[in-house]
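What follows is a set of notes on a single structure, which appears directly below.
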Amino acid sequence: MLKSLGANETEAILLLSRKYSETSLICELFTKKNGRVSVIAKGARSKKNKFQNVTAPNILANVNYSGRSELKTLTSWEEIKYFQILGKNLKILLYLNELIFKLIEKEAKQEKIFDAVINFYKTLALGEAKNIEISLREFEYFLICELGYGFNFQVDDKGKEIQKDGIYYFHPAQGFSKKPLNNFLKVSGIDIINFTNGKITSASARSKIKKTMQLAISYIAEKPMNAGTIFND
């Protein structure tokens with residue numbers, strides 16, 4: 001017989017945690033059912049505690065929690081899958097988690113985004129994939145669009161198709177414009193087109209698309225990102 005799910009029983013990942021009292025942690029979870037949730041994991045810093053592995057950011061778990069205040073109490077944490085993510089990919093995972101923490105509102109259900117995060121975890125666990133940077137930029141763009149701040153890579157702000165020999169100026173609220181504007185990011189048409197085709201290969205093109213996403217993310221984030229230096233070189 002299938003076990004009936006409690007009101008707050010859901011799949012979740014740990015975004016970040018911080019010390020609370022002598023033995024506990026306050027954890028920011030991203031849950032499939034209820035979005036981003038803050039919980040206290042009592043005794044998580046104690047040896048042989050049932051919440052010992054709550055500190056790992058690369059675990060998909062089934063969790064339950066209780067409470068009506070903004071800070072809930074974690075009551076169960078059962079590991080579903082451990083993603084072995086190493087090296088630079090681990091830094092990407094931490095950046096990904098920070099993105100979710102900064103951009104997702106508390107207790108706002110985002111099931112589609114949750115599934116996309118888990119799929120990206122799976123990609124990171126495969127190792128140093130050749131096109132991991134493109135995949136990361138595509139995820140950033142997907143996230144921006146899902147949150148209602150999407151901009152068009154196919155046409156400019158006048159609805160005209162992006163031209164490969166054109167020069168465009170980007171602003172998150174406006175998209176790509178052919179009109180030269182101060183303090184707007186300058187991007188070539190070929191770089192825009194190549195990104196949509198998954199073909200950004202040159203260092204300059206990667207830098208431009210990265211800056212495009214950073215501007216869009218900063219536009220909607222309440223606080224500046226700390227992990228945005230990934231792929232600077």
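In this entry, the stretch 87-220 is assigned a mean projected area of 8.4 nm², taken as a quarter of its C-alpha convex hull surface. FRET efficiency for the K112 to E22 pair, using the beta carbon distance and R₀ = 30 Å, is estimated at 0.15.
For the stretch 87-220, the relative contact order works out to 20 percent when only alpha carbon pairs closer than 8 Å and six or more residues apart are counted.
May I ask you to sort I85, I13 by Cβ crowding, counting other Cβ atoms within 10 Å and putting the fewest first?
Details: I85 21, I13 26.
Ordered from fewest to most neighbouring Cβ atoms within 10 Å, I85, I13 come out as I85, I13.
Straight-line reach from K186: taking Cα to Cα under 16 Å and skipping same-chain neighbours fewer than 8 places apart, the aspartates and glutamates in range are D156, D157, D165.
Sorted largest first, the spans of the alpha carbon positions of the stretch 1-112 along the three principal axes are 39, 35, 32 Å. If a paramagnetic tag sat 7 Å from the Cα of E133 along the Cα-Cβ line, which residues of the stretch 148-190 would have the backbone N under 19 Å from that point? Counting backbone N atoms under 19 Å from the label point, the list is 186-190. Helical content alone sets the calculated 222 nm signal of the chain at -10000 deg cm²/dmol, taking -39,500 (n - 2.57) per DSSP H segment of four or more residues and averaging over every residue. Sequence-ordered 3J(HN,Hα) estimates for the stretch 38-50 from the Karplus curve with 6.51, -1.76 and 1.60 and θ = phi - 60° stand at 9, 9, 9, 9, 5, x, 5, 8, 8, 5, 6, 7, 5 Hz, glycine and proline given as x. Screening the chain for whole DSSP H helices of 18 Å or more along their axis (Cα) with average Kyte-Doolittle hydropathy at least 0.0 returns 87-103, 111-125, 132-146, 203-220. Distance from the alpha carbon centroid of the stretch 61-126 to that of the stretch 133-192 works out to 28 angstrom.
Within the same chain, lysines fewer than 8 places from K88 are excluded, and of the rest, those with a Cα less than 20 Å from its Cα are K122, K130, K210, K211. Evaluated at q = 0.15, 0.16 Å⁻¹, the base-10 log of the normalised Debye intensity for the chain, with identical point scatterers placed on the Cα atoms, takes the values -1.01, -1.10.
In the elastic network of the chain, a GNM with C-alpha springs shorter than 10 Å, the most mobile of G159, G35, G127 is G159. A straight Cα-to-Cα reach below 16 Å connects K32 with the aspartates and glutamates E9, E11, E78, E79, E105, E107, E111, D115, E146, residues fewer than 8 places away in its own chain not being considered.
A short reminder: the numbers here are calculations on the coordinates, not readings from a lab. These numbers were taken from a predicted model, which means no experiment stands behind them. Quick reminder, even Gly has a Cβ in these numbers, built from the backbone with ideal geometry, and neighbours come from all protein chains shown.
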